[in-house]
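Take a look at the structure below.
Taken together, the values in this text are just the output of simple stated rules run on the coordinates, not laboratory data. Keep in mind that what you see is a predicted model, and the values were worked out from it rather than measured. Cβ placement follows ideal geometry from the backbone for every residue including glycine, while neighbour counts extend to all protein chains displayed.
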């Protein structure tokens, strides 16, 4: 049957929905059509939009998204996959894509599958490449090793040791690196030292679904954390320093010397911040200053990442290009712009190496090199395609980065800014941006640019920050608008000049200027932090909500046609479920040292002695802004020497038992008994003992009609290289005092490590 020609109303509707700029339907355009014609109109619109996106080569931008999906599948596996399986899938999908190249839609699907298999294979390869033993249980004993890095702190220092021996640990089970704190003594990078260490395996999440410190430590090559007590001795090394370690040691020595130089000349906390901006050493910044920077939404300035790399490379690029332009011969006969780009690439790489080559810094370097490389091949430096290339390189090199806030927030912010820049380039240029005379017009445009870009970056990163840190800084726009001009105009240019002048001994004016400007930034941060509700604590939401927000951001930034407005659908879903998250009734510390129970007032009450870091995590995830030492956290709890009793809002009785007599009594009268003592005797109540926590880790209990639903941080059947090894029953019995003593001694250092890694 011949197809009937479209009616005038339908043609009008098609013109409306196929429009790229308006992307909005007239109220009666589709409503007046029959259902069949409305569906056909929408199908035609989708086809026309996808065709236009393909013409603009936008589907390429979804390759890193497909790779990310494969990486997520890799981390979802409960055992370590084989490498041949994703490689076979990649080859098969790639071959099908070539065979179906005359059918674009089918070929695109095959390419997406190939990218997903590539991401999965990258995860397998990365894990196998970096795999090293992790300490299986707490230990106290002698440790020897090379000092790889030293970071001075307010009290003592933090060391990373390349281990040569741990007493009682066979070589095949010995961690390659450990991270320890010392409270006294002086050591230097490259020293081979010996001391008595209290070590713990990197712990799991503080709550079910929370930040996994152990997995992060595994991918940083750290197999144990703790502290060294007593005297530290220099001892002969069993072998010379490997060349790679020797290079890292020399770099760390230079970083420490320059850190002390900048901090002493800059003075106070301004000098400490200035030193952190140049060398990446943040140990001299006090916790009060860190809290002010976080509350003002500008903590990112002390973590060397995209902002610093762009400012450093941009400053070098501008200086080299300006200097070469002073010569007419060079300006007219040489490719000045490309030479400046090469100089900026070299400078950015040197900056990354000297600042410690942290994972966030390396990701920023890759993004910067891709942008500058585009200049060398006469392409636009700021484009979504370059961002996609950078994401592909980062995901292939560090697949685990996808799970962390640094990758998510940096690429999310840049994607939003690039998408805005693309649309800004298409604006109507016939009208001037402002009618104000110079220089007011220039100042107005610059100020408006700072406000708009900060708003975009804040909106793009807010969901990721809320998911990982359960905080939102509503005055971050104010803090960034006031602080970033000082960072961009004074701090970073002075840093470049200081580094160049440092070998000549003429660097002190640069560090003095940096310290002064950084001190102003800290004062701005402190002022913003004193505003009421400068930090808002939000209730933790689940991974499905985060994926909804991420999908919405990707959809609206990667498409250019009216398709992008469909991003509202996952956004609405995410907001709806984030607004009413399910909160646990009971939270149990991973080692049984404490519990949190939701009382009749709807807030958490604490029994036992959970670590300060874990307590902060619990309160933050519950949207509770109380401090860990708030007296109201102990309200409504009846305790004696043997146990604590808490009642939930529905009248259920929760016991936190400290000895066996209390377990026997409370098993008869409580609804739930929690203890850090192993228990094998019958119990009428539901029991969570030490053995259950050793198996399940941190546990959250949710209210159900007949008891509680349990969510644990450890998968009992999971066997991944970063999984916490399940201790044997004998090791968990109270007759083994060493683990408990070790845990008590090293808990502050472990909590400090967790807090720093989580940032």
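Quick notes on this one:
- When the Cα convex hull of the stretch 141-190 is projected onto planes of every orientation, the mean area is 3.4 nm².
- Dividing the mean sequence gap of close Cα pairs (under 8 Å, 6+ apart) by how many residues the chain holds gives a relative contact order of 14 percent.
- This ranking places 699, 453 by how few other beta-carbon atoms lie within 10 Å of each, fewest first, which gives 453, 699.
- Radius ratio Rg over Rh of the stretch 225-281, counting only Cα atoms, Kirkwood formula for Rh: 1.12
- Summarised as an ellipsoid, the chain has semi-axes of 45, 37, 27 Å, derived from the eigenvalues of the Cα gyration tensor scaled by 5 and square-rooted, with the largest first.
- Global size of the stretch 139-239: 13.6, 45 Å for Rg and Dmax (C-alpha atoms, Rg to one decimal, Dmax whole).
- Stokes-Einstein D (µm²/s) once Rh is taken as the Kirkwood radius of the stretch 66-140 over alpha-carbon pairs, at 10 °C in 1.306 mPa s: 117 µm²/s
- As a rough footprinting exposure proxy, the listed residues 582, 136, 589 were ranked by other beta carbons within 10 Å of their own, and the order from fewest upward is 582, 136, 589.
- Spin-label proximity, residue 99 to the stretch 117-137 - amide N less than 19 Å from point 7 Å beyond Cα toward beta carbon: 117-118
- All Cα-Cα distances of the stretch 504-562, cut into 10 Å bins from zero to the largest, leave 16, 19, 18, 26, 17, 4 percent in each bin in turn.
- Take the Cα radius of gyration of the stretch 607-683 and divide it by 2.2 N^0.38 Å, N being the number of residues; the result is 1.20.
- Gyration tensor over alpha-carbon atoms, the stretch 586-726, equivalent ellipsoid semi-axes in Å: 22, 20, 14
- The stretch 59-130, relative contact order in percent, only Cα pairs under 8 angstrom and at least six apart counted: 48 percent
- For the stretch 486-528, the spread of Cα positions along the three principal axes, ordered from largest to smallest, is 39, 15, 9 Å.
- The stretch 187-234: relative contact order in percent, alpha carbon pairs under 8 Å with at least 6 residues between: 52 percent
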